[in-house]
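The values are calculated or read from the model by the stated rules, or taken from the named source; none is laboratory data. Because the structure is predicted, anything quoted here is derived from the model rather than measured. Here Cβ is always computed from backbone atoms with ideal geometry, including for glycine, and neighbour counts include all displayed protein chains. We work out accessible area using only protein heavy atoms, side chains counted, and drop any ligands, DNA or RNA first. Shrake-Rupley method; radii C 1.70, N 1.55, O 1.52, S 1.80 Å.
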Amino acid sequence: LQVEDSYVSTSSFGGLVSLICWIGIVLLLYSEINYYYQPVMEYKYSVDNEADRQLELNIDITVAMKCNLIGADVVDIWGNSIGNTKLLQEELVPFELAENQKIFLQAQGALKGLTDKHKALGDMMADIGRKIVPRYDHGKEVEKNACRFHGSIPVHKVEGNFHILSGRSVNIPGMGHAHLQFGQVDKNFSHRIDGLTFGKRVEGMLYALDGEEKKAPVGDYSYQYYIQIVPTNYISRNYNIQTYQYTVQERKRSVDSRAGNHGTAGIAIKYEFSPITATVKEKRKKSHCDSALIPLL
């Protein structure tokens, strides 16, 4: 039954009310559809059944001392030590960053802040693009006063300690290893960690110590990092990734035996593997999208 036009009265106020109603309907439609398609993260935990597996420790660290004055080593609770091998490359480089490197690390630091927010796995992988730190480009000759250690070291999934101390690292048969230093050396353990990962590095992900930089005050200082590693599986529509995420705690202290602060100046990264594996799975919300939309329409 059609209503005659003479019975219909139009007004600007009525048109405004109709417009507001249509805007409200559109916003509600958008909200319901967006809620339905927004994934949620499901977390599950299980015992790590690959505890006897060997994996690689990937390290890229620059220390503000020349390579002939310091040495790097890894020792685990079983007494295994890499000693002075070719697994870690040593490269004499400037400690001062070039402008292109500063820009890169500033951008990386800003991106690391995004990992603190709750995001869908797909968004996290898409937003955070991990690239190698650009090569040093100063455009002029600069003193090479630092040593860059980089490479991959096979380690067992047990507690271990990667450290850099003054003196060259040498293996002593039947006794482990030692750092031999001849004469007095001015120590400066200012350092920058461009990368530290376990297992295969996943491109597109940032790790807790990426871009970490410490400037040591005058005197002998000890830097210690305590790392708790959790085997982690990420599963989504686009990714099925196995990685080793970790959390870190830091400690810095002065080493001065005259003041009662005993110890050894240097850098120590102590790591421990969790016996629990975390599985993070991306899932869609359980929502009756059609039944929610029909009343709006």
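What the table below lists for this structure:
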{"item": "Condition broken by residue 112, with the remaining ones in (1) in a loop (DSSP other than H, G, I, E, B); (2) basic (Lys, Arg); (3) at pLDDT below 75 satisfied", "result": "(1)"}
{"item": "Residue match in the stretch 52-69 (condition: in contact with a Pro (Cβ under 6 Å, 6 or more places away or on another chain) and modelled with pLDDT under 85)", "result": "no"}
{"item": "Filter pass, residue 286 being at pLDDT 80 or above and basic (Lys, Arg)", "result": "no"}
{"item": "Residue 234, sole failed condition from (1) over 25 Å from residue 94 (Cα atoms); (2) open to solvent by 30 Å² or more (accessible area, probe 1.4 Å); (3) of a type in the set (Ser, Thr, Tyr)", "result": "(2)"}
{"item": "Qualifying residue in the stretch 121-137 (condition: surrounded by 14 or more Cβ atoms within 10 Å (Cβ to Cβ), at pLDDT 70 or above, touching a strand residue (DSSP E or B) at 6+ places or on another chain (Cβ under 9 Å) and farther than 30 Å from residue 238 by Cβ)", "result": "no"}
{"item": "Listing of strands (runs of 3 or more DSSP E) fully contained in the stretch 158-247 that carry 2 or more residues being at pLDDT below 85", "result": "168-172, 176-180, 221-235"}
